Structures are given as C-alpha cells and as structure tokens.
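Visitor: Sharing a structure, written as structure tokens. Questions coming.
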C-alpha cells in the first residue's frame, strides 16, 4: 500500500470527473445549440460531429499506444485534455470549419486519453489494489452524471425557449470550459510512478496484437459488447419516454454505488471478481424483465408521436427509475471488473491492451447507438440477454485461464 499511488488514482479520477462533466453536458446540449444558430455562417450538425468523434476515436486507438509510449501517460492525458477543452471552446464563437476540425482532434485526443488512463491506472496499482483502484476511479468518473443533469434543466429551458443568444451561450460554455481546463490542469499534479526506463518502448507500444493478448482480448469481446449494448438500451427507451434527465441521475447513483462498494470494499481475489460479474448479470436480467413488462415495445423507435403498443403492466415511473438504478449498478459490476482483469492480465503490456479494449469499445458503441433507435424493445432485450450470458461466460473463461497460468508459474 502506497499513499502516493492512491493520491495518483484519486487525482486521476478527479481530472476525468471535471473533463467529462463538461464534455457530457456539452454533448447533451450541442445539437440544441447548433439548431438555434441557424445562420449562414454556421451549418454544422451535432450528430455529424459525434459521428466524426467516434469514428476517429475508433481508429486512433491503433496509434495511441505509440504516442503514449513516446511522450508518457501523464503528458498524453494533459494534451488530450487541452483538445477536449478546445472542442468546448468552439461553442463560444462557433464556425463550421472549427466545429468539425475540433471533432477530429477530440477523436484523436480521446484515444490517447483513455489509453494513457489505462496505463497510468495499472502503473499505480498492485495485485492487491487493482480492484480497489478501478472501483475508486469508476465511482469518481460516474459522478459526472449528477452535476450536469441538474444544470441541463436550466440550459434546455433557455435554449428551447429560443433564448440561446450569444450571451447565454457564452456563459454556459465558458463555465464548461473552466471545468474542463481544471480537470486538464489536475493531470500536472500527478506524480511519476515509474522511471523512464521502466516505461514501454515505442516498439512495445506498436506490438498491439501478440498471440496471448489477442486470445484473451477476443474472449473478453462479448463482455465489452454487453456493456455497450446496455448503454444503447438506456439511451433508447428512456429518451423516448422523456425520462432521460432523472434517469441519468439514478443510473449515475447505481454506477457510483457499484463502483464504490465492489471496488473499495471487496478484496481483490479470484472468487470475488467472478462473483461481481455474475451479480451484475443477474441484476441486469432483473432490470430487463421489469423493462419488458413496464415499457411499450415500440418505445425505442417512436420519437415524435406517442407509442402505439401497450406494455404488460401499467407504465410506472417508479419501476422505470428502479430499472435505471439496476442498469447502473450492473454496468458498474462489468466495467470495474473488466478494468481489473485487464490490469491484472496485462500488467506488463497495459498500454496496447487498453488501446485494443477502447478500439473494440468505440467501434461497437457506434453499432449500439445505431440499432438502438431502430429495433423494437423486445429484440433489444433479447440481444442483451444473449450478450449478457455469453459475456459472463467468456469473462469466467479468461479468469480461469489467468488462474491456470498463475498456478503454472508457481511450480
């Protein structure tokens, strides 16, 4: 146990909290702001911008390990934070060219940021603390859902009322810019955990697809896809039902409770990691069943009119919000343990491992966002059940292979 390493993890979480509080809020209001501009000097689309960001993010993950290996995790995160801040600053005085240019840059920055975060988290963790540290980081990061959603109610009322004039827009995005800059500057406070000679070389950063790494990462793919499919499910029907604001807060509460409890209170041993993932699957399956009973089947595909299908139960806001909490709780179970097992299996190759992880995650995030607005709820839930079961099974297989490898090394 080292107080210095714990300090680094806390500062890392706080930095991400500030940056993604700003970015999450910006992403929620940007299309409304873009529509309100409606003049000849600006013709950008918030949806196109997000598409560019995720597209560039996906393929930048292939190059991110080399950049992180050359300039280091700390400086990579600082540079990426500046790119995030630049994207938010564009909305103060928007032009089409700067809007799309910063969308490209933030896609590159996101790849560097998350790859560097994975490496830095592993560097500051030991076998006995990786579970605690991932839970601590995850709980801090998920606090981003609380502050912006209270703030969004005021923003949306102003913008929807046609009052998105320069002064209002400037004040909103200046506040977000300050938060993002504070998060970026916090990375400079991080203490060096490894000497330069202990860092990955450029050649190691480029060797993304070693045989052992490929096999375990591929086995974890269903677990990653399941975590992403749940995100698409959350956004689809809750947006359609107009509960996205309060639902996001409750999901965040579930994420924080899960990250704090399973990350901070559970000791890092083999039994508990698989137990947490299994619990996450059970919690999600309970939520899926309640969603199936409580939400109309056509809710994800209806946006401008009321749903035409009736649910099995009389729709209840209380049940919907309970499902939000369960979705957040189950999501934290999967994500904290995915980070934990990646940090444990790839302690010596954390940079390329997290780059591959984020590459897979970002590609299928786009897929989940696409189909979530076109498939009926029952089919989305079926996809979730299949991915949930197969993802849990594959996680158990990777954990078993890791245990077998560790036992061989003892002899």
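Quick note: the coordinates plus some simple rules give every number you see, no bench work behind them. Values in this document were obtained by computation on a predicted structure and should not be read as measured data. So basically every Cβ, Gly included, is an ideal-geometry build from the backbone, and we count neighbours across all protein chains shown.
Visitor: What spacing in nm lies between the two simple spin-label points modelled at residue 386 and residue 174, each 7 Å away from Cα in the Cβ direction?
Guide: In this crude spin-label approximation the distance works out to 5.3 nm.
Visitor: Sticking with this structure for a sec: By count of other Cβ within 10 Å, fewest leading, how are 348, 399 ordered?
Guide: Final ranking by Cβ density, sparse to dense: 348, 399.
Visitor: Between residue 309 and residue 185, with labels modelled 7 Å along Cα→Cβ, what's the label distance in nm to one decimal, could you check?
Guide: So the two model labels end up 5.2 nm from each other.
Visitor: Ranking 74, 358 by Cβ neighbours within 10 Å, fewest first, what do you get?
Guide: Lowest count first: 74, 358.
Visitor: Under the 0.36 nm per residue contour assumption, what length would be gained going from the current alpha-carbon distance of residue 96 and residue 75 to full extension? Mind dumping the intermediate values first?
Guide: Values: separation 21, 0.36 × 21 = 7.56 nm, distance 2.94 nm.
Full extension from residue 96 to residue 75 adds 4.6 nm.
Visitor: Return the FRET efficiency for the residue pair residue 286, residue 10: r is the Cβ-Cβ distance, R0 is 30 Å, and the value is rounded to the nearest 0.05. Please list the in-between numbers first.
Guide: On the way: r = 33 Å, r/R0 = 1.09.
So the FRET efficiency works out to roughly 0.35.
Visitor: Run the paramagnetic zone check for residue 378: 7 angstrom along Cα to Cβ, then residues of segment 282-299 with backbone nitrogen under 18 Å.
Guide: 288-299
Visitor: How far is it, in nm, from the label point at residue 42 to the one at residue 257 when both lie 7 Å from their Cα along the line to the Cβ?
Guide: 4.0 nm
Visitor: Provide the gained length on full extension for the span residue 127 to residue 2, in nm with one decimal, where the gain is 0.36 nm per separating residue minus the Cα-Cα distance.
Guide: 43.7 nm
Visitor: Could you give the length gained by full extension between residue 403 and residue 59, i.e. 0.36 nm per residue of separation minus their alpha carbon distance, to one decimal place? Mind showing how you got there, number by number?
Guide: On the way: separation 344, 0.36 × 344 = 123.84 nm, distance 3.23 nm.
Length gained between residue 403 and residue 59: 120.6 nm.
Visitor: Fewest first, what order do 323, 394, 333 take by the number of other Cβ atoms within 10 Å? Walk me through the numbers before you get to the answer.
Guide: Details: 323 30, 394 20, 333 27.
The fewest-first ordering by Cβ neighbours comes to 394, 333, 323.
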